[in-house]
1. Filter region B:105-126 down to residues that are more than 7 Å from every other protein chain (Cβ to nearest Cβ), in a helix (DSSP H, G or I) and either free of Cβ contacts under 8 Å to residues at least 12 places away in the same chain or surrounded by fewer than 24 Cβ atoms within 10 Å (Cβ to Cβ) (or both), then give me how many there are.
2. Do you know which residues across region A:178-191 are within 7 Å of chain B (Cβ to nearest Cβ) and surrounded by fewer than 18 Cβ atoms within 10 Å (Cβ to Cβ)?
3. What residue, among those in region A:48-65 that are outside any helix (DSSP H, G or I) and either among the aliphatic types (A, V, I, L, M) or open to solvent by less than 50 Å² (accessible area, probe 1.4 Å) (or both), is nearest to DNA strand D (Cβ to nearest atom)?
4. Does A:A102 fit the bill of being of a type in the set (A, V, I, L, M, F, W, C), under 20 Å from B:A165 (Cα atoms) and within 14 Å of chain B (Cβ to nearest Cβ)?
5. Take region B:63-86 and flag every residue that is in contact (Cβ under 8 Å) with a residue 40 or more places away in the chain and of a type outside the set (G, A, S).
6. Being within 8 Å of DNA strand C (Cβ to nearest atom) and not in a loop (DSSP other than H, G, I, E, B) is the filter here, so list the residues in region A:34-47 that pass it.
7. For region B:132-145, indicate whether the set of residues that are under 21 Å from B:V33 (Cα atoms), at the interface with chain A (Cβ under 9 Å from one of its Cβ atoms) and surrounded by fewer than 21 Cβ atoms within 10 Å (Cβ to Cβ) is non-empty.
8. Within region B:15-47, which residues are within 14 Å of DNA strand D (Cβ to nearest atom), open to solvent by less than 80 Å² (accessible area, probe 1.4 Å) and touching a residue at least 24 places away in the same chain (Cβ under 8 Å)?
2 protein chains.
Amino acid sequence: MREVKAGSKKEQTRERILRAAARAIRKHGYEGVGVADVMKEAGLTHGGFYAHFESRDALLAAAADQAGAESIENLTRAIAAAKPGQELMALVNTYLSDRHVAAPEQGCAIAAAGSEVPRQQAEVRRAASRRIKDIIGLIERQFPEWGRSAAHDKAMGIAATLVGALVLARAVDDSQLSNRIRKAARELVRAAAG
Amino acid sequence: MREVKAGSKKEQTRERILRAAARAIRKHGYEGVGVADVMKEAGLTHGGFYAHFESRDALLAAAADQAGAESIENLTRAIAAAKPGQELMALVNTYLSDRHVAAPEQGCAIAAAGSEVPRQQAEVRRAASRRIKDIIGLIERQFPEWGRSAAHDKAMGIAATLVGALVLARAVDDSQLSNRIRKAARELVRAAAG
DNA sequence: GATAAAATATGATGAATATCATATGCGCGA
DNA sequence: TCGCGCATATGATATTCATCATATTTTATC
């Protein structure tokens with residue numbers, strides 16, 4: 001009997017399914033994720049799915065975490081690429097960029113599907129909580145000069161503003177308003193960080 | 001042939017279905033709204049539905065607007081009940097209250113299902129846009145001393161913070177964090193409002 | 001290169017659900 | 001009070017989708 005080794009064919013396929021599901025959650029929402037569609041997106045057919053995951057629910061739980069991890073990775077990259085002293089605004093500009101508005105499937109999982117999270121199974125909610133804490137921590141670290149507690153408070157407020165601005169910017173049917181909302185959120189964050 | 005008059009039996013039944021659907025959207029999300037469930041909630045059986053609405057889609061469009069209208073009504077009431085000079089913080093406190101976190105089906109439609117809106121039909125998006133503009137206008141009017149443009153900008157930023165804070169507060173699996181997020185958002189808005 | 005086991009595909013099944021056709025019952029005008 | 005229509009209910013149909021059983025292909029070891 002062969003084992004499932006890291007890097008094995010099966011492991012790679014599982015990863016591909018997982019990534020496809022993580023994108024599907026952000027593109028179609030949790031309820032919009034279908035087993036067959038995810039498998040097709042991963043270049044496979046529907047039947048083999050259960051060789052990789054116990055159930056659709058198990059996939060959603062794993063994919064929720066994966067989606068969160070990808071979001072954090074993007075923001076971390078943006079911070080790393082920023083000029084010293086500009087890290088927070090680099091994060092904010094990346095988060096509120098046209099690109100992020102247009103491509104939810106590659107972006108923040110909370111902005112893309114956050115309002116569905118309260119209705120999901122416990123594992124999904126756990127993953128979402130963990131990733132939300134991660135994002136808050138990422139923002140918090142941009143305020144080293146402030147006390148831990150003050151920085152944490154500011155970070156939570158800023159995270160809320162960013163998520164809300166992106167949700168509103170995507171919801172409205174008027175690209176000018178979408179732009180204005182994001183600009184206003186940027187200014188609000190800048191003032192709060194000042 | 002009898003006409004459908006305002007206040008007629010049929011009109012009242014339609015209203016009941018509409019209200020049930022508006023609650024269902026906020027409780028189960030757009031995808032989670034089923035014709036049979038809505039009808040049962042309205043005290044009817046599934047078959048009669050098509051005497052009142054063309055299709056499930058037509059119901060969703062009408063119910064999205066209804067849900068938005070109910071949300072605005074709640075906030076308007078909170079402002080009206082506030083002591084003079086405390087209107088904005090009354091709105092903020094109502095929006096970020098424990099009650100609102102716990103009862104999405106009676107609250108803000110954007111916080112409850114906002115991340116699903118970009119995927120909905122055009123009529124739903126139109127209704128959402130209209131109601132988002134209404135909320136921004138409501139907040140904007142709390143800054144009479146500022147110029148129109150500055151008040152509008154502030155209002156958009158504050159709306160984003162409120163929506164994001166509620167989404168995050170509902171998503172996390174940790175009631176302490178949920179409380180802290182809302183408190184931080186309150187402080188951020190207070191500071192922004194000067 | 002042959003063979004066994006793993007990985008994936010094909011096809012079937014059952015449940016959920018939107019929609020529609022038809023039946024029933026209740027209120028309104030005589 | 002009686003009968004006609006409107007409002008609602010019952011039941012049927014078709015489709016979508018998760019899950020599973022079985023067949024086929026691929027891979028790795030000898």
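The values are calculated or read from the model by the stated rules, or taken from the named source; none is laboratory data. Remember, it's a predicted structure, so these values are computed and weren't measured experimentally. Glycine also receives a Cβ, built like all others from the backbone with ideal geometry; neighbour counts cover every protein chain displayed. These accessible areas exclude ligands, DNA and RNA; they are computed on the full protein's heavy atoms, side chains included. Shrake-Rupley method; radii C 1.70, N 1.55, O 1.52, S 1.80 Å.
1. Within region B:105-126, the subset more than 7 Å from every other protein chain (Cβ to nearest Cβ) is B:105-109, B:120-124.
So of that shortlist, the ones also in a helix (DSSP H, G or I) come out as B:105-106, B:109, B:122-124.
Still in the list and also either free of Cβ contacts under 8 Å to residues at least 12 places away in the same chain or surrounded by fewer than 24 Cβ atoms within 10 Å (Cβ to Cβ) (or both): B:105-106, B:122-123.
Going through region B:105-126 one residue at a time, the tally reaches 4.
2. Of region A:178-191, the ones within 7 Å of chain B (Cβ to nearest Cβ) are A:180-181, A:184-185, A:187-188, A:191.
Passing the criteria: A:R180, A:E187, A:A191.
3. Going residue by residue through region A:48-65, those that are outside any helix (DSSP H, G or I) are A:52-55.
Subset that is either among the aliphatic types (A, V, I, L, M) or open to solvent by less than 50 Å² (accessible area, probe 1.4 Å) (or both): A:52-53, A:55.
Numbers: A:H52: 11, A:F53: 8, A:S55: 4 Å.
It comes out as A:S55.
4. no
5. From region B:63-86, those in contact (Cβ under 8 Å) with a residue 40 or more places away in the chain are B:63-72, B:75-76, B:79; that's our starting set.
Matches in region B:63-86: B:D65, B:Q66, B:E70, B:I72, B:L75, B:T76, B:I79.
6. Going through region A:34-47, the residues within 8 Å of DNA strand C (Cβ to nearest atom) turn out to be A:39, A:43-47.
Those that are within 8 Å of DNA strand C (Cβ to nearest atom) and not in a loop (DSSP other than H, G, I, E, B): A:M39, A:H46, A:G47.
7. No, region B:132-145 has no match at all.
8. B:I17, B:L18, B:V35, B:A42, B:G43, B:L44
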